[in-house]
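Here is the structure we will look at.
The values are calculated or read from the model by the stated rules, or taken from the named source; none is laboratory data. Since this is a predicted model, take the numbers as computed values, not measurements. For neighbour counting, all protein chains shown are included, and Cβ atoms are generated from backbone atoms with ideal geometry for every residue, glycine included.
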Amino acid sequence: MALGLNVDEPETTCDDPNCPFHGTVSVRGGTVDGMVASTEMHRSVIVEREYDVTVPKYDRKMKRRSRTPAHAPDCLDLTVGDAVRIAETRPLSKTKAHVVVGTLDTTRDLGASSFSGPSDPESEVALDEIEASTGESGGDA
């Protein structure tokens, strides 16, 4: 465990000065868990997280997204779709004030509600089976 956070130090080393493990940047403030949405910038990623907001007028919940640019150290190999934890640092550039401190186990740490799709692919039913059980055909109108 490194940095006083619940993350493991990566096995590979790097010479990045903004790496929280091998460089001089200090980590302070809060941490945020999210998914990597983009890796197209050099040593940077966009971390996206979804959260619910209550709309008082309709007494319903609405999903919102926040996208946070974060520094990606060379010792972490990140791809789009990875679940990561980012921590607050000093401002590293005009838009970056967070750094990726580790990857997470997606099913345990973020929860299944953060991902779309069927939870059990074996439970999917084909349209032909539904039509056969009801005795209807989809082409007759």
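What to note about this one:
- When T79 is tested against the conditions (1) touching a residue at least 12 places away in the same chain (Cβ under 8 Å); (2) part of a strand (DSSP E or B); (3) among the β-branched types (V, I, T), the lone failure is (2).
Quick grid of which residues meet (1) on the phi > 0 side of the Ramachandran plot; (2) in contact with a Gly (Cβ under 9 Å, 6 or more places away or on another chain):
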{"residue": "E11", "(1), (2)": "no, no"}
{"residue": "D15", "(1), (2)": "no, yes"}
{"residue": "S26", "(1), (2)": "no, no"}
{"residue": "G29", "(1), (2)": "yes, no"}
{"residue": "S44", "(1), (2)": "no, no"}
{"residue": "T54", "(1), (2)": "no, no"}
{"residue": "L76", "(1), (2)": "no, yes"}
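- Looking only at residues in the stretch 18-58 that are of a type in the set (S, T, N, Q) and either in a strand (DSSP E or B) or without any contact (Cβ under 8 Å) to a residue 60 or more places away in the chain (or both), the one that is farthest from C75 (Cα to Cα) is T54.
- Residues that are in contact with a Ser or Thr (Cβ under 8 Å, 6 or more places away or on another chain) and modelled with pLDDT of 90 or more within the stretch 1-17 comprise just one, P17.
Conditions (1) under 12 Å from G102 (Cβ atoms); (2) under 21 Å from the mean Cα position of the chain (by Cα); (3) among the small types (G, A, S), marked per residue:
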{"site": "L5", "(1), (2), (3)": "yes, yes, no"}
{"site": "H22", "(1), (2), (3)": "no, no, no"}
{"site": "V45", "(1), (2), (3)": "no, yes, no"}
{"site": "R60", "(1), (2), (3)": "no, no, no"}
{"site": "R64", "(1), (2), (3)": "no, yes, no"}
{"site": "V84", "(1), (2), (3)": "yes, yes, no"}
{"site": "T89", "(1), (2), (3)": "no, yes, no"}
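- Residue within the stretch 51-63 that is out of contact with any helix residue (DSSP H, G or I) (no Cβ under 9 Å at 6 or more places or on another chain) and surrounded by 14 or more Cβ atoms within 10 Å (Cβ to Cβ) present: no
- Only a single criterion out of (1) exposed (fewer than 15 other Cβ atoms within 10 Å of the Cβ); (2) out of contact with any Ser or Thr (no Cβ under 8 Å at 6 or more places or on another chain); (3) within 12 Å of H98 (Cα to Cα) is not satisfied by R28, namely (2).
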